[in-house]
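The values are calculated or read from the model by the stated rules, or taken from the named source; none is laboratory data. None of these values were measured; they are calculated from a predicted model. As a convention, Cβ positions derive from the backbone with ideal geometry for all residues, glycine included, and neighbour counts pool all protein chains shown.
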Amino acid sequence: MEEITQVDVSYQPIELCKLLKIANMVGGGGEAKIVISEGYVYVNGEVEFQKRKKIYHQDIVEFNGEAIAVSCSEPVLNATEQKALKAAKVLKAEESLKRNKKAQKTSIKSKPKQNKKTVNNHNNEVIQQPVPSGQRKRISF
């Protein structure tokens, strides 16, 4: 019997292809998806073809002669709890976005107006003229 290695994950469920990457059983996500789709990966003793199969606490995954047991300290969330968690994350992101937009508006308002320099040909004096908003300075080559 082969030795089963314990792999701790911070949340559950976790997708099978991500678990293979975390456990260093494959080199990357693309490789993980290929070996799963070709039937080289077993979950709880059965061949698994679903790349994003949800893996939970105490599931056993086997690939290439190695076996891992998944361990997670976080409880499994039901569908209602998952939706509530997602809604809270979206709300937090929206509030952060509003704060950022408000900060950008205040920084734009506080910028000084750009001045355009012109030379008065009669006295060779430099005169500052404001640039109208919404117009660009002309560039001559």
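A few remarks follow.
- Which listed residue, of ALA67, ALA32, ALA23, is surrounded by 10 or more Cβ atoms within 10 Å (Cβ to Cβ), touching a residue at least 12 places away in the same chain (Cβ under 8 Å) and over 27 Å from the mean Cα position of the chain (by Cα): ALA67
- Scope the range 5-18; condition modelled with pLDDT of 85 or more and aliphatic (A, V, I, L, M); matching residues: VAL7, ILE14, LEU16
- The residues in the range 62-121 that are closer than 30 Å to GLU3 by Cβ and modelled with pLDDT under 80 can be counted, and the count is 4.
- Qualifying residue in the range 122-139 (condition: loosely packed, with under 10 Cβ neighbours inside 10 Å, modelled with pLDDT of 65 or more and either of a type in the set (Phe, Trp, Tyr) or in contact with a Lys or Arg (Cβ under 7 Å, 6 or more places away or on another chain) (or both)): yes
- Scope the range 1-51; condition touching a Gly at 6+ places or on another chain (Cβ under 9 Å) and closer than 18 Å to GLY65 by Cα; matching residues: GLU2, CYS17, LEU20, LYS21, VAL47, GLU48, PHE49
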